[in-house]
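Visitor: Quick one: structure below, then a few questions.
Read-outs throughout are calculated quantities, based only on the coordinates presented, and are distinct from any laboratory measurement. For clarity, every value in this text was computed on a predicted model and none was experimentally measured. Positions of Cβ are backbone-derived with ideal geometry, glycine not excepted, and every protein chain shown enters the neighbour counts.
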Amino acid sequence: MRYPCLVVDHDDTVVNSTATVHYPCFVQYTREHFPDYRCTLEEYFVKNFDPGVVAFFRDDVGMSDAQMKHEQEYWNAFVQDHVPQAYPGIREVLLEQKRRGGLLCVISHSYRDNILRDYRANDLPEPDMVFGWECPPEQRKPSPWALEQIMATYDLAPEQLLVLDDLKPGYDMAQAAGVPFAAAGWANDIPQIERFMRDNCDLYFKTVPELMAHLFD
């Protein structure tokens, strides 16, 4: 086992959720509340990548704080009836991490309860720690706070962890904590995202089998 602790993002890293859940929800919400706003799936991926969801909604869509809170409530109601599917092979990766005695933690911008529901629905191993959107804003990605909690709880050095994420906030979080970072490249084929990740990240995996081979071979 190469890393005693694997720290995974959730959306578009473990489950295929942007294309099948989050973007359809966003389209439905903006049609109802921002009817003049348009955004393709590719644009949605790029804007979530950088500058991130909060700045995207505030500066690009033009949501006020109250509207962002309303959208958050709308989104959370939507996802209760829409369960994303895990990527083929990711279950085997997570099971092997646990089988070998490793830790599995989640740091995500989804809610903890929704993450755990998705893990149960996809028969994934239960994570050891989960940090989701319910954390105060100053503790969410790209803040290194959650990584610091994991390292303190399990007495781990930064190099004993690997963060696996598909977006720049996860990369920024890992950089701030001095933790190795691997980009999950299987969610989309957007050149500017792949170029940034390949140029800047410690590791880049285009497929789940590539990740499996690196972690355990």
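Visitor: For the chain, what is the calculated [θ] at 222 nm in deg cm²/dmol (nearest 500), taking -39500 (n - 2.57) for each run of four or more DSSP H residues and dividing by its residue count? Kindly include the intermediate steps, with their values, before the conclusion.
Guide: Working: 9 runs with 94 residues, N = 217.
So the calculated ellipticity at 222 nm is -13000 deg cm²/dmol.
Visitor: Considering only the other residues whose Cβ falls under 10 Å of the Cβ of Asn48, what net charge follows from Lys and Arg at +1 and Asp and Glu at -1? Don't skip to the answer; put the middle values down first.
Guide: Details: positive: Lys47, Lys168; negative: Asp11, Asp12, Glu43, Asp50, Asp166.
Cβ neighbours under 10 Å give a net charge of -3.
Visitor: Just flag the GluC sites (Glu not before Pro) in the range 105-197 sitting in loop per DSSP whose Cβ has no more than 16 other Cβ atoms within 10 Å. Mind dumping the intermediate values first?
Guide: Numbers: sites: Glu134, Glu138, Glu148, Glu159, Glu194; in loops: Glu134.
Those that pass, being in a loop and sparsely packed, are Glu134.
Visitor: OK, next. Considering only DSSP states other than H, G, I, E and B, which chymotrypsin sites (Phe, Trp or Tyr not before Pro) in the range 3-101 qualify as loop sites with at most 16 other Cβ atoms within 10 Å? Before the final figure, lay out each step's value.
Guide: Details: sites: Phe26, Tyr29, Tyr37, Tyr44, Phe45, Phe49, Phe56, Phe57, Tyr74, Trp75, Phe78; in loops: Tyr37.
In loop regions of the range 3-101 (DSSP not H, G, I, E or B), the sparsely surrounded chymotrypsin sites (Phe, Trp or Tyr not before Pro) are Tyr37.
Visitor: Turning to a different aspect of this structure: Sequence gap at least 6, Cα distance under 8 Å: using those rules, report the relative contact order of the chain to the nearest whole percent. Write out the running numbers ahead of the final one.
Guide: Numbers: 309 pairs, mean separation 58.4, N = 217.
Relative CO of the chain lands at 27 percent.
Visitor: Of Ser143, Ser108, how do they rank once you tally other Cβ atoms within 10 Å and put the fewest first?
Guide: On the way: Ser143 20, Ser108 25.
Arranged by neighbour count, lowest to highest, Ser143, Ser108 become Ser143, Ser108.
Visitor: Suppose every K and R has +1 on its Cβ and every D and E has -1 on its Cβ; what is the size of the dipole of the chain about the Cα centre, in Debye to the nearest 20? Each step should come with its number before you reach the end.
Guide: Details: 19 positive and 35 negative charges, 55 e Å.
It works out to roughly 260 debye.
Visitor: Under 1.5 on a/c is rounded, so check that first for the chain, then, if it is not, pick prolate when a/b is larger than b/c and oblate when it is not; a ≥ b ≥ c are the square roots of the alpha carbon gyration tensor eigenvalues.
Guide: Prolate, since a/c reaches 1.5 and a/b exceeds b/c.
Visitor: Okay, next question. Could you point to the residue in Leu41, Ser64, Val54 farthest towards the positive end of the range 18-79's charge dipole, with +1 and -1 charges on the Cβ of Lys/Arg and Asp/Glu respectively?
Guide: It is Leu41.
Visitor: Enter the angle in degrees (range 0 to 90, nearest 10) between the Cα long axis of helix 65-79 and the first principal axis of the Cα atoms of the chain, meaning the one along which they spread out most.
Guide: Relative to the chain, helix 65-79 is tipped by roughly 70 degrees.
Visitor: Here is a further query. Explain nothing, just compute: Karplus ³J(HN,Hα) = 6.51 cos²θ - 1.76 cosθ + 1.60, θ = phi - 60°, for every residue of the range 102-114 in order, whole Hz, x for Gly and Pro.
Guide: Per-residue couplings from phi come out as x, 8, 10, 10, 10, 10, 9, 9, 8, 6, 3, 4, 5 Hz.
Visitor: Shifting gears a bit: When Lys and Arg each count +1 and Asp and Glu each count -1, what net charge do the other residues less than 11 Å away from Asp12, Cβ to Cβ, add up to? Don't jump to the answer; show the numbers that get you there.
Guide: Working: positive: none; negative: Asp9, Asp11, Asp165, Asp166.
Net charge in that neighbourhood comes out at -4.
Visitor: A further question follows. Quick one: Cα centre-to-centre distance for the range 101-123 and the range 149-198, in angstrom?
Guide: Distance between centres, Cα-based: 17 Å.
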